[in-house]
Ligand code: FES
């Protein structure tokens, strides 16, 4: 039987939703796999909504907004672009980045809306069902996607994303300006480090574990886990739960 993916679409009220409406009244054919959530602006789509959709077994997520320069709120779609770029980097760490698409559809582009939905549905059909649907992998992938969601809800990455335009276009008090490339490198670093830290927190949410055990479960070096544990302890998120034969075990204090 042909795989029929579940696609979730976030459509901005002023352009893309109207474009979808036009496709409907013009009787333009497109796959019925998409379920639509109308938002006031593509900038309203919090990246954690997308992670949440994947946690709940959605096969693909599409975010559609007004063309750049046409946002009803002036800069909402520029903000969406920045957020989705950071989200894509995070989803890349769990092999979900190719299950998400951001695009622009105006109120007059019913055909374009239908074309994007058809292309994306075909693309997800070729990729196959979400790995969340594989029973043996489900727990492991849920943990990874939950870590992605936690990073997206964490003020560290959010603060950086929110200040991107200001940081790369304005000089700081020392007269320095961050280049786009430098900023991207910074985001890459934060994304990777915070993802591992949230994975560690999830692994030790219920039971204290030693550094080698955590390293083994996450698949990274013990020395790297130790560095992250030091940071998490300094933030007051992790503490020693017990010491057995001089080997400490660590536990999350806030329960992730
Ligand atoms: S109102 Fe459509 S993207 Fe902002």
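The values are calculated or read from the model by the stated rules, or taken from the named source; none is laboratory data. Quick caveat: nothing in here was measured; it's all calculated off a predicted structure. Cβ coordinates were reconstructed from backbone atoms using ideal geometry, including for glycine residues, and neighbour counts include every protein chain displayed.
Filtered by the rule that a residue be in contact with a helix residue (DSSP H, G or I) (Cβ under 8 Å, 6 or more places away or on another chain), part of a strand (DSSP E or B) and away from the ligand (no atom under 16 Å from the Cβ), segment 33-44 gives a lone residue, 34.
Within segment 66-80, residues that are without any contact (Cβ under 8 Å) to a residue 12 or more places away in the chain sit with their Cβ atoms under 9 Å from residues that are within 7 Å of the ligand (Cβ to nearest atom), at 6+ positions apart or across chains, in these pairs: 69/77. Determine, yes or no, whether residue 9 is at pLDDT 95 or above and under 24 Å from the mean Cα position of the chain (by Cα). Against the criterion (at pLDDT 95 or above and under 24 Å from the mean Cα position of the chain (by Cα)), residue 9 qualifies. With respect to (1) assigned to a helix (DSSP H, G or I); (2) modelled with pLDDT of 95 or more; (3) within 16 Å of the ligand (Cβ to nearest atom); (4) under 26 Å from residue 186 (Cβ atoms), the lone exception for residue 17 is condition (4). Kindly provide the set of residues from segment 45-90 that are within 13 Å of the ligand (Cβ to nearest atom), within 15 Å of residue 8 (Cβ to Cβ) and assigned to a helix (DSSP H, G or I), ordered by number. Scanning segment 45-90 gives a single hit, 84.
Being part of a helix (DSSP H, G or I), at negative phi and surrounded by 14 or more Cβ atoms within 10 Å (Cβ to Cβ) is a property that residue 30 lacks.
Conditions tested, residue by residue: (1) closer than 26 Å to residue 166 by Cβ; (2) in contact with a strand residue (DSSP E or B) (Cβ under 8 Å, 6 or more places away or on another chain).
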position	(1), (2)
182	yes, no
185	yes, no
207	no, yes
210	no, yes
214	no, yes
219	no, no
223	no, no
227	no, no
234	no, no
